[in-house]
Amino acid sequence: MAEKFILGIDTATKQCSVALSNNEGILASKSGIGRAAHNEKLSGFIDTVMRESEVEYSQLNGIAVNIGPGSFTGLRIGLSTAKGLAFPHDIPILPISAFTILQESAISQESKFLLFIRSHKDNIYYQIHNSKSDPELSPSIDYSTVKEVISTQPEINTFFGNYKFEAFLQKGNTQFLYPHARYACQIGYRFFDELVQKSSSDLEPYYLTSFEAKKWKPGVKSGSN
């Protein structure tokens, strides 16, 4: 099997992460947390992992990027950077949902668990999963308040996400989890053939609001029919 290099970029939350993988696994990764992490660190992280891996941009087979939902500014920076690297070198962009990445990284022994990304205040994007579910490339994502989700899903006791809602999650096990570029790389490699078909210069971040709970469709603008 020919060697395949996948660069991963994740800027959906306040954590900025970059990773590079090949057929054998992760070659290098960098991450940092902060309000300005995406603007200040993303380009440097990319240069670092490429240099540490001794891989040229022309050798990349794909750039796996978290397409959302998540931070409006972060997602735009991540996707714009991916496009700036991809199209001059004719590299396909592999758009991956934030929840596909979270599902790849979450480990739970519970029969059901909840994945979430905080939107603002106590509002979250979320998914409910069976512990044995395989990652979905087109996940269904819902939007609600933490209080409402917990009141309607009393059987769920394990929560994976990027914020501590102590006032509401006291009854369960909350595990702090950011989506990370290393898992974007893994998904990009495993589902390369499916994801490469979604590569397009028209790709935009996926912004989900309280009025939209639907299957993720990469490249479709938020609010489109």
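The mean sequence distance of close C-alpha pairs (under 8 Å, at least 6 residues apart), as a share of the length of the chain, puts its relative contact order at 23 percent. Seen from a random direction on average, the alpha-carbon convex hull of region 100-176 projects onto 4.6 square nanometres. Take the residue pairs LYS30/LYS83; LYS4/LYS83; LYS4/LYS112; LYS30/LYS164 and return only those whose Cα atoms are more than 26 Å apart. Among LYS30/LYS83; LYS4/LYS83; LYS4/LYS112; LYS30/LYS164, the Cα-Cα distance tops 26 Å for LYS4/LYS112. Between GLU148 and ASN23, the C-beta separation translates, for a Förster distance of 35 Å, into a calculated FRET efficiency of about 0.20.
Compared with the direct C-alpha span, the chain from SER140 to GLU155 gains 3.4 nm at full extension, assuming 0.36 nm per residue. The modelled label-to-label distance for the pair ARG51/SER133, using points 7 Å beyond Cα in the direction of Cβ, is 4.1 nm. Backbone amide hydrogens, once placed in the peptide plane, bring ALA28 within less than 5 Å of LEU20, excluding anything fewer than 5 places away on its chain. FRET efficiency for the ARG76 to PHE191 pair, using the beta carbon distance and R₀ = 25 Å, is estimated at 0.55. Modelled spin-label separation between GLN59 and LYS164, with each label point placed 7 Å from Cα along the Cα-to-Cβ direction: 4.2 nm. The distance linking region 6-26 with region 77-150 is 14 Å (Cα centroid to Cα centroid, whole angstrom).
Calculate for the chain the 222 nm mean residue ellipticity that helices alone would give, adding -39,500 (n - 2.57) per DSSP H run of length 4 or more and normalising by residue count, nearest 500 deg cm²/dmol.
On the way: 6 runs with 62 residues, N = 225.
That calculation yields -8000 deg cm²/dmol at 222 nm.
Readers should treat all values here as calculations from the given coordinates under stated rules, not as data from a laboratory. Every value quoted in this text rests on a predicted model; they were computed, and no experiment measured them. Positions of Cβ are generated from backbone atoms using ideal geometry, with glycine treated the same way; all protein chains shown enter the neighbour counts.
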